[in-house]
Amino acid sequence: MSRLRIFDDTDPSAPLSATEDQALIAEWLKPIGVRFEQWQAAAPVQPGASPDEVMAAYRADIDKLVAENGFNSVDVVSIAPDNPNKDAARARFLDEHYHKEDEVRFFVAGSGLFSLHVDGKVYEVRCEAGDLIGVPDGTTHWFDMGPEPSFIAIRFFTHPDGWVGHFTGTDIARRFPRYEAGQAG
Ligand SMILES: [Fe+2]
């Protein structure tokens, strides 16, 4: 299930609050400018579906979001636990960073853990299939796909290098919960 836990950024031991209610997750994320919503597929997406098939299943939502936000490119990224590069893929955005454009991801299948560091708090968002998350530009965050990564996501970009991460050099991400095996799914 989708989940939000909010921590004081000095205390990873226990969250201040937590919810698995998608409407509440959206409500609690809204004040920090984070978009969280659910999309329904127009047609079933089968494992092994091509990027075109994946995008066709969500065409109306994709077109609406692109029109509203002026994204210039949309792609589909997919990773499975048997990927030989999974450790490198996981490591890439595990430390605190930000981007110069919004990080917008829709989870078609599988799951991943976004942690957003804003105003002395850490907002840990477990995104599952059907969830769209939009992290505003400049928001410090990290992303963990777990040791056995498994997801398909649609990504939205304004610039070709929009995915470039600017790392803050802090160790905060290492002090907060990681996305562990068995948590996913
Ligand atoms: Fe990021």
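Of all positions in region 168-180, none carries a residue that is β-branched (Val, Ile, Thr), touching a helix residue (DSSP H, G or I) at 6+ places or on another chain (Cβ under 7 Å) and open to solvent by less than 60 Å² (accessible area, probe 1.4 Å).
Scoring Glu27 on the criteria (1) open to solvent by 70 Å² or more (accessible area, probe 1.4 Å); (2) modelled with pLDDT of 95 or more; (3) more than 18 Å from Phe114 (Cβ to Cβ) leaves a single failure, condition (3). The requirement of being without any contact (Cβ under 8 Å) to a residue 40 or more places away in the chain, open to solvent by 40 Å² or more (accessible area, probe 1.4 Å) and within 16 Å of the ligand (Cβ to nearest atom) is not satisfied by Asp102.
Among Ser115, Ser150, which is over 23 Å from Glu68 (Cβ atoms), under 9 Å from the mean Cα position of the chain (by Cα) and among the polar types (S, T, N, Q)? Write out each step before concluding.
Working: Ser150 fails: under 9 Å from the mean Cα position of the chain (by Cα).
Just one listed residue meets the conditions, Ser115.
Looking at Ala60, Ala42, Ala89, which one is in contact (Cβ under 8 Å) with a residue 12 or more places away in the chain, within 16 Å of the ligand (Cβ to nearest atom) and of a type in the set (A, V, I, L, M)? Give the derivation first.
Values: Ala60 fails: within 16 Å of the ligand (Cβ to nearest atom); Ala42 fails: within 16 Å of the ligand (Cβ to nearest atom).
Checking each option against the conditions leaves just Ala89.
The rows are residues; the columns are (1) part of a strand (DSSP E or B); (2) within 11 Å of the ligand (Cβ to nearest atom); (3) in contact with a strand residue (DSSP E or B) (Cβ under 9 Å, 6 or more places away or on another chain); (4) over 24 Å from Ala49 (Cα atoms).
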| residue | (1), (2), (3), (4) |
| --- | --- |
| His117 | yes, no, yes, yes |
| Glu124 | yes, no, yes, yes |
| His141 | yes, yes, yes, yes |
| Glu148 | no, no, no, no |
| Phe156 | yes, no, yes, no |
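Taking the conditions (1) over 11 Å from the mean Cα position of the chain (by Cα); (2) open to solvent by less than 50 Å² (accessible area, probe 1.4 Å); (3) under 17 Å from Thr158 (Cβ atoms); (4) among the basic types (Lys, Arg) in turn, Lys64 satisfies each one other than (2).
Given the residues Glu68, Glu27, Glu37, which is the only one that is part of a helix (DSSP H, G or I) and under 22 Å from Thr140 (Cα atoms)? Can you show your working first?
On the way: Glu68 fails: under 22 Å from Thr140 (Cα atoms); Glu37 fails: part of a helix (DSSP H, G or I).
Result of the check over Glu68, Glu27, Glu37: Glu27.
When restricted to residues that are open to solvent by 20 Å² or more (accessible area, probe 1.4 Å) and under 15 Å from Phe7 (Cα atoms), region 116-139 contains 7.
Conditions tested, residue by residue: (1) modelled with pLDDT of 95 or more; (2) under 25 Å from Ala18 (Cβ atoms).
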position: Arg92; (1), (2): yes, no
position: Lys100; (1), (2): no, no
position: Tyr123; (1), (2): yes, yes
position: Thr168; (1), (2): yes, no
position: Glu180; (1), (2): no, yes
position: Gly185; (1), (2): no, yes
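Look at (1) surrounded by fewer than 17 Cβ atoms within 10 Å (Cβ to Cβ); (2) among the aliphatic types (A, V, I, L, M); (3) within 16 Å of the ligand (Cβ to nearest atom) and you find that Ile79 fails only one, number (1).
The values are calculated or read from the model by the stated rules, or taken from the named source; none is laboratory data. Fair warning: this is a prediction, and the values are worked out from it, not measured in the lab. Neighbour counts run over all protein chains shown; Cβ positions are idealised from the backbone, glycine included. Just so you know, the surface numbers come from the protein's heavy atoms only, side chains and all, with ligands and any DNA or RNA stripped out. Shrake-Rupley method; radii C 1.70, N 1.55, O 1.52, S 1.80 Å.
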